[in-house]
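Here's the structure we're looking at; comments come further down.
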Amino acid sequence: MSRAKLGVAQTSARRVALAGLRTWRTKKQFADSIISNALSKKALQSADRAFAVQLFYGVLRNLTLLDFWIAGLRSAPVDVDLRDLLRLGLYQLFIAKTAEHAAVHETVELAPKHQRAVVNAVLRAAARDRHNLQKKADSQPLNIRASHPKFLIERWEKQFGAGASKALCDWNNTPPPIYARINQLKINRESFLGRYRNARPLPDVSNFVELPSAGNALEHGDCYVQDPSTSIACELLQAKSGEKILDACAAPGGKTSYLAELMENRGVLVACDREPARLKLLDENLTRLGVRIGKIAAHDWTKATIPEEIASEIPFDRVLIDAPCSNTGVMRRRVDVRWRLTPKDFARIQARQIEIARATIPLLKPGGILVFSTCSLEREENEDIVQKLLGAMSILRLEEEKRLLPFRDNFDGVFAARFRRID
């Protein structure tokens, strides 16, 4: 590609990132869907798509730090549109380490004419004073230099300690690799590695690989993109061939499809969720992955009446509740979660989790197994739920708990607990 064409393409990537940031700021949409939708409307080369994604998520990961620099560079008021541009430019200069002339010139080109002089002046001042600005940032509290809400850091410091909290923030600010589970309903590990030569096997997790891009393998149903930590709950459930199993919160289907694999595609696997769009995605994923035993059911567990698709299969041998949660264990993948959470959310989420558990436990046969799991790091959603369920339901006996912590285990954070119904 010529230098001129490269410049146009990278300007387009910056424009996509800027539009995405403005949509995120003004609409109640998740970052993942925003950037996916934005890229679907642009014919960018893969490198430029990757650059747009890097810019979009990079700014979101560093909002507080970028705003700290903006405050130090401009004393006059900064309106929201100007702030978006300055965030984008400063991210390129200080964090992405983009060449100064490109970071400044291309960001100025994105600005409306009446703001170009301001954007140019601020970014060039930042480039000249780079060392001093970075030094000032390094002396700031963790919530500023790592761009995490103060209340989250205080929670983590209390639970894990200061060093682990800093390590967790660093983890959350690191772009994640693409991990995928080999779908052994369609292809075995040896054949997968032979077909997809760019796949890197993961030590100690034989059915997972790291991929530079999952495109072809994903389209053919040969793998499912998910972190190795997601397998913990499925393996703790100990699903067996020929059983009846309920996946109570199944969409988008990663755990459901792994359960089908563990069941050797024999038995009944009821996969439930409440949102029509998520059920559609669940159906598409299970079909592509070759799951034949899936029975999809629409249900909200806060409602009393259980639909016939579920009621007709009661009692279940095993039930998986992969509960809705705060997602604090997967913040490096769900980049904007940190900006959506409030201190009041944890009590609300806990109440909903308990409501789901109370609704599903009676569907389990005596002697049956229940696994409750989250991708949260918070006690309210994990250990406290276990104790509340044990205290309220004498028919449950706790058999095992497992937890992965990103700063310790180098995978996404998860929690899972296995109970047995003993009445």
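Summed over the residues of region 306-372 and divided among them, the accessible surface reaches 37 Å² per residue at a probe radius of 1.4 Å.
Only DSSP H runs of four or more residues enter the estimate; each adds -39500 (n - 2.57), and after division by the residues of the chain the mean residue ellipticity at 222 nm equals -15000 deg cm²/dmol. Within the assembled protein chains, the solvent-accessible surface assigned to residue 400 is about 60 Å², based on a 1.4 Å probe. Using +1 at the C-beta of Lys and Arg and -1 at the C-beta of Asp and Glu, which of 335, 362, 416 has the Cα lying farthest in the positive direction of the dipole of region 315-423? Of the listed residues, the answer is 335.
Quick one: grab the alpha carbon gyration tensor of region 322-403, order the square roots of its eigenvalues as a ≥ b ≥ c, and give me rounded if a/c is under 1.5, else prolate or oblate depending on whether a/b is larger than b/c. Prolate. Phi-derived couplings, Karplus 6.51 cos²θ - 1.76 cosθ + 1.60 at θ = phi - 60°, listed residue by residue for region 156-172: 5, 5, 5, 8, 10, x, 5, x, 5, 5, 5, 4, 5, 4, 4, 4, 4 Hz, with x used for Gly and Pro. Each Lys and Arg contributes +1 and each Asp and Glu -1, all at the Cβ; summed about the Cα centre of the chain, the dipole is approximately 1380 debye.
Mind ranking 388, 158 by accessible surface for me, highest first, 1.4 Å probe?
158, 388
Taking all protein chains into account, the per residue accessible area for region 118-249 stands at 47 Å² (1.4 Å probe).
In this structure the amide hydrogen of residue 202, modeled in the peptide plane, comes within under 5 Å of the amide hydrogens of 208, 210, none closer than 5 places in sequence on its chain. The amide H of residue 178, built 1.01 Å from its N in the peptide plane, has 211 as neighbours under 5 Å, considering only residues 5 or more places off or on other chains. Close amide-amide hydrogen proximity is noted between residue 316 and 364, 365, each under 5 Å apart and 5 or more residues distant or on a separate chain (H modeled in the peptide plane; Pro and chain starts excluded).
Which entry in (i) 4, 18, 24, 23, 16, 9, 4, 1, 0; (ii) 4, 20, 31, 27, 14, 3, 0, 0; (iii) 4, 19, 27, 24, 15, 7, 2, 0 is this structure's computed P(r) over Cα pairs in 10 Å bins from 0, in percent? Correct label, based on the coordinates given: (iii).
Percent of C-alpha pairs per 10 Å bin in region 204-344, short distances first: 11, 38, 36, 13, 1. Spacing of the modelled spin labels on residue 420 and residue 295, each 7 Å from Cα toward Cβ, amounts to 2.6 nm.
Protein heavy-atom surface of the chain, 1.4 angstrom probe: 51% of the accessible area is carbon and sulfur, with nucleic acids and ligands not counted. Centre-to-centre, using Cα atoms only, region 268-347 and region 368-423 are separated by 17 Å.
The values are calculated or read from the model by the stated rules, or taken from the named source; none is laboratory data. Here the structure is a predicted model, which means the values were calculated and not measured. FYI the Cβ positions are ideal-geometry reconstructions off the backbone, even for glycines, and counts take in every protein chain you see. Ligands, DNA and RNA are stripped out before the accessible areas are found, and what is left, the full protein with its side chains, is counted by its heavy atoms. Shrake-Rupley method; radii C 1.70, N 1.55, O 1.52, S 1.80 Å.
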